[in-house]
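Note sheet for the following structure.
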Amino acid sequence: MSAVARADADENGPDRTFLLASGATAAATGLALVVAEDTEQSVDEFLSAPKKAAERRAAEGGATLNALPVIRALLADPSEGGRSARGDLRPRPGKFFDLILELADFTATCITIRQARSGTPVAATLAHSEEMLVEFVEA
């Protein structure tokens, strides 16, 4: 991630950083959908466990988890227009890279859950994620 930030700084633009953030968001959201399906849960059911853990951590003075509102925003039905499903997505200075790391951590957790619950090898999930990200970038 630091290499991406340095390359963007060298070129005076945020292109690589935004692509990294977009890819991290797409990967986390896509894997949330896959793991929810694998475990025969709705996405809301699947996301409820990390949401509860994040709420407990925040109540104990830990950092707020910002990845879940971003993932939920991408999964929200635009026809519903519900702001509550989207959360507060305003950019927070200095927090952008933290968000990318949270999304990467969430993605890694989904890969681990998928392997543990459905026996899907890590390599297969990574290959599937790579295909999904290539389609995302080409779209």
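The values are calculated or read from the model by the stated rules, or taken from the named source; none is laboratory data. Predicted model only: the values in this text are computed from it and were never measured. All Cβ positions, even for glycine, are placed from backbone atoms using ideal geometry, and neighbour counts span all protein chains on display. The area values use the complete protein model at the heavy-atom level, side chains included, leaving out ligands, DNA and RNA. Shrake-Rupley method; radii C 1.70, N 1.55, O 1.52, S 1.80 Å.
Taking all protein chains as they are arranged and a probe of 1.4 Å, the heavy atoms of SER118 leave approximately 60 Å² accessible to solvent. Ranked from largest to smallest solvent-accessible area, with a 1.4 Å probe on the protein heavy atoms, VAL35, VAL134, VAL43 come out as VAL134, VAL43, VAL35.
Placing R0 at 30 angstrom, the Cβ-Cβ distance between ARG56 and ALA76 gives a FRET efficiency of 0.80 after rounding to 0.05.
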